[in-house]
């Protein structure tokens, strides 16, 4: 089982990239689990054809209200989406109430208590993590061996680059006591001037490589309008080909 955390600034296309990568890995006959680690709980929605799933934090809250100590049933926390991808969403508290990072910790503990990884035996686990704030909760995928490899999704835009540097710093800090390592940058292109060069300079600065350059392509919006990943909706597109090559690259590192 390879455990991968994918970080990036909110709105950078991290969830779109992650869900398409999950679909591409599943097309190779692999068992894939995707865990959304964002309070918005929309990481897996295209894999689920637009159907939102109950978040683990919501299910845990219901258990607490009913004074039930056991973790929620596994089939309520994990749902099968396109290509058999196993989809779960950590969720978060209501806006302005509680700590979103704590929601991630609670969800991970519930999955572990339910022996999710032993039961499903995934070849790949993808953690889709918001990277604007790398606090204790959002850094959870880097801790306790949850993730072995980390990829940062970024464009050449200033705020995305700023977030990427902070994420790289967090990986370095956490990696000193854990096994998670920065394995590369996934460039989600926005078509700005000299974007490839800007991303190459960032990679050199944080001592990593650019593992993929995903093109800016309206195919993403077309497929999302149909509640599908690009891998499912337009598998012959240039976008899908880049993602499938990324999947092959990651598989080859296994």
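The values are calculated or read from the model by the stated rules, or taken from the named source; none is laboratory data. Quick caveat, the model's predicted, so the values are computed rather than measured. Glycine also receives a Cβ, built like all others from the backbone with ideal geometry; neighbour counts cover every protein chain displayed.
Computed quantities for the displayed model
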{"read-out": "Options 131, 92; residue that is under 18 Å from the mean Cα position of the chain (by Cα), over 20 Å from residue 4 (Cα atoms) and either surrounded by 15 or more Cβ atoms within 10 Å (Cβ to Cβ) or at pLDDT below 85 (or both)", "value": "92"}
{"read-out": "Residue within the stretch 66-86 that is in a loop (DSSP other than H, G, I, E, B) and within 27 Å of residue 217 (Cβ to Cβ) present", "value": "yes"}
{"read-out": "Flag for residue 125 being within 12 Å of the chain's Cα centre (by Cα), surrounded by 23 or more Cβ atoms within 10 Å (Cβ to Cβ) and modelled with pLDDT under 95", "value": "no"}
{"read-out": "Residue check for residue 222: assigned to a helix (DSSP H, G or I) and either at pLDDT 95 or above or under 15 Å from the mean Cα position of the chain (by Cα) (or both)", "value": "yes"}
{"read-out": "Residue count, the stretch 8-39 (criterion: surrounded by fewer than 19 Cβ atoms within 10 Å (Cβ to Cβ), within 14 Å of the chain's Cα centre (by Cα) and touching a residue at least 40 places away in the same chain (Cβ under 8 Å))", "value": "1"}
{"read-out": "Residues satisfying the stated conditions in the stretch 213-228, i.e. closer than 12 Å to residue 13 by Cβ and surrounded by 18 or more Cβ atoms within 10 Å (Cβ to Cβ)", "value": "214, 220"}
{"read-out": "Total residues in the stretch 172-206, condition at positive phi and either within 22 Å of the chain's Cα centre (by Cα) or assigned to a strand (DSSP E or B) (or both)", "value": "1"}
